[in-house]
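Notes to accompany the following structure.
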Amino acid sequence: MSVSALSRARPVIRRGQASRFPPTVVASFAVLALVLLWSLVPTLFTGQDPARGVPADKFLGPSTAHWFGTDHLGRDLFARVVHGTASSVTSALVAVGIGVLVGGLIGLIAGFVGGWVDAVLARLVDVLLAIPSFLLAVVVVSSLGFETINAAIATGVSAVGVFARVMRSEVLKTRRAVFVEASYLQGGSRWHILVRHVLPNASRSVLMLAVLQFGLSILIIAGLAFLGYGDPPPASDWGLLISIGKDYPLAQWLVYAPALVTIATVLSVNRISRWLRKTD
Amino acid sequence: MNRDYARYALRRVLQAIVVILLAYVFTFVVISVLPGDPVTNTLRNPQNGFTEEEIARIVSYYGLDRPVYEQLWDSLSRLLVGDLGISLRSGLPVGRLIGDVLGSTLLLAGSALVVALVLAFAIGFGTRYLPKRYGQGLLRAFPSLFLSVPNFVIGLVLINVFAFQLGLFRVIDSEGGLATFFAAIALGIPVSAQVAEVLIANLDHEAGQEYASVARSRGLGQTGLFLRHLLKPSALPVVTVVALTVGELLGGAVITEQIFGRTGIGSLVERSVTTQDLPVLQAVVTLAAVIFVVVNLVADLAYPLLDPRVRLGGAKPRDKAEVAR
């Protein structure tokens, strides 16, 4: 008991802090780099056409010739996953971009102007946060039409509330800081303070949230694609691949291969976001 | 104190009502102002088989020939007397459509919440009980793993293993007890991750407090320490987190119900989305907002009553966003 247990009670220095880059973080960056390359130069990784199948080769299990096996039309699943990366990743980026820009702007105005503007915007943000984000995304995408880019916009809209709230609280924190007061006294204009002090200070929190939201957006967009609210086949978004694969329970790899790629990507994003928060 | 609390409670209740009304308006705006006219598209679709007479009746019921703000005003005043409108797809009152399936979804969401809590507390207990080198690190990685898996993948794996291979339940008999249990697991796992994260952080914090060291020095084992001292202060903030995950349970039901072939609010949403059934979507979104707002209101108002530290300190209950992050 005693000594060893007591040492456990003290605030422990985390192992990760010894080296700046823990091995899991390095691995996460490696995974993301690979995913990025897949989306930029898919042809470098697979020579096969994701849309053309060889009917004789349908439902082949994973092998050296077909890493992820083949689907019901004899198309190479690895090629389909790799070529679907660009759409899956870009749409998540678009979603985060919308969240950061719109949400950030709302939070910035609310926090910086204050008064009744803040009160009105606060209710709007409350509404955005009160509607379950996936439900909100579904309703928005149904209104815009079933396409992947619309799914990305819908996911972005559902993230606006979170970004607005974080941005507002960061702005309020900075506004009360002594150095901002000093800047006012030295004759700094509101605009100067906004650009020079408030934005740079808020950017770190917003960046961390953006990384976290990027992983979440991949999941939400995959969910929308799974329900068929994205581009129809022959597009090969990860969620869509899983959705098609589930209809062939005897060909397990059709679900597991794209699912594992999705999980590995989101896991890496979450690991990096956690690491960013720790090193703060 | 009591007076302050009453004033605080009143303000929160009023805010909640405003948010709910705004959610109704917001959905209306999203669906009817954004490009595309779902209502007439649906009505004119020959597949739906509306006669000219019915179209005229529905169009005049919704006042679709009038300006948008008048339609919105109508829709709002109908909401205030409890009329949610008529489904464009089936022609049935929306209130009845929702009433028929609400029970199934509440059962699913409730079971999922129980699964999530059991799982989260098991993980939390494990992180205090397991030795640091063996297993604890793995257990601590669980929440972030759970958060990285799409919930439809969890559902598909569960169906594959327990229905197709082990034959424990049949997907066709989707309302059976075991089928509900596995659907609840699929829906509950991502939620358990959020609860577990907060719980683990609180347990770590409480375990580092002096009173915990004192208890240990008196010879209290890990289990006794956990149950008698750490559990209560660590579990209180969980109330707030659980309230925040309500939205996730309702949103996740759309996918979970589709995979497990259940009828419920989620499958109603799915059908209404493909047919652009505006009144149903508007009602469901508002209902989700009502549930979310009411649950969070109750959690926030109950917090000072549950936690004497907040009450005596006179501090305001924690801000939602602070706990969530």
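Near residue A:58, which aspartates and glutamates are there with a Cα under 18 Å away, not counting those fewer than 8 places off in the same chain? The reachable aspartates and glutamates, counting only those whose Cα sits under 18 Å from residue A:58, are A:49, A:71, A:76, A:247.
Here the Gaussian network model covers chain B, with springs between Cα atoms less than 10 Å apart; of B:282, B:194, B:71, B:71 fluctuates the most. Averaging 1/r over every pair of different alpha carbons in chain B and inverting the result gives a Kirkwood radius of 22.6 Å.
Using only alpha-carbon positions in region B:96-274, the gyration tensor eigenvalues give semi-axes of 36, 17, 13 Å once each is multiplied by 5 and square-rooted (largest first). Membrane-span-like helices of chain A, defined as complete DSSP H segments with a Cα extent of 27 Å or more along the helix axis and a mean Kyte hydropathy of at least 0.0, are identified as A:77-98, A:148-175, A:199-226, A:253-278. Long hydrophobic helices in chain B: the complete DSSP H runs spanning 20 Å or more by Cα along their own axis with mean Kyte-Doolittle hydropathy of at least -1.0 are B:2-33, B:94-129, B:177-207, B:231-259, B:278-306.
Here are some pairs, A:246/A:278; A:278/B:232; A:173/B:232; which of them have Cα atoms lying more than 29 Å apart in this structure? With Cα atoms farther than 29 Å apart: A:246/A:278; A:173/B:232.
Of the residues B:79, A:145, B:298, the one whose Cα sits farthest towards the positive end of the charge dipole of the protein assembly as shown is B:298 (charges of +1 on Lys and Arg Cβ, -1 on Asp and Glu Cβ, taken about the Cα centre).
Counting, for every residue in A:235-242, the Cβ atoms of other protein chains within 10 Å of its Cβ and taking the mean gives 1.
Ranking B:13, A:72, A:256 by Cα position along the charge dipole of the protein assembly as shown, where only Lys, Arg, Asp and Glu carry charges on their C-beta atoms, puts B:13 farthest toward the positive end.
Name the residue, out of B:305, B:106, B:244, whose mean-square fluctuation peaks in a Gaussian network model built on chain B with Cα pairs under 10 Å. The residue with the greatest mean-square fluctuation here is B:305.
Using R0 = 30 Å, the C-beta based FRET efficiency linking residue A:21 and residue A:173 works out to 0.55.
Under the convention that each Lys and Arg Cβ holds +1 and each Asp and Glu Cβ holds -1, the size of the dipole of region B:96-274 around its Cα centre is about 600 debye. Here each label is just a point 7 Å from Cα along the line to Cβ, and for residue B:122 and residue A:51 those points are 4.7 nm apart.
Loop-located trypsin sites (Lys or Arg not before Pro) in region B:197-281 (DSSP state not H, G, I, E or B) with no more than 11 neighbouring Cβ atoms inside 10 Å: B:218. Just so you know, the Rg over Rh for the protein assembly as shown is 0.98, from Cα atoms, with Rh as the Kirkwood radius.
Each stretch of four or more DSSP H residues adds -39500 (n - 2.57); spread over every residue of the protein assembly as shown, this sum gives -23500 deg cm²/dmol at 222 nm.
Bear in mind these aren't lab numbers, they're just calculated from the coordinates by the rules spelled out. No experiment lies behind these values; they were computed from the predicted model shown. Neighbour counts run over all protein chains shown; Cβ positions are idealised from the backbone, glycine included.
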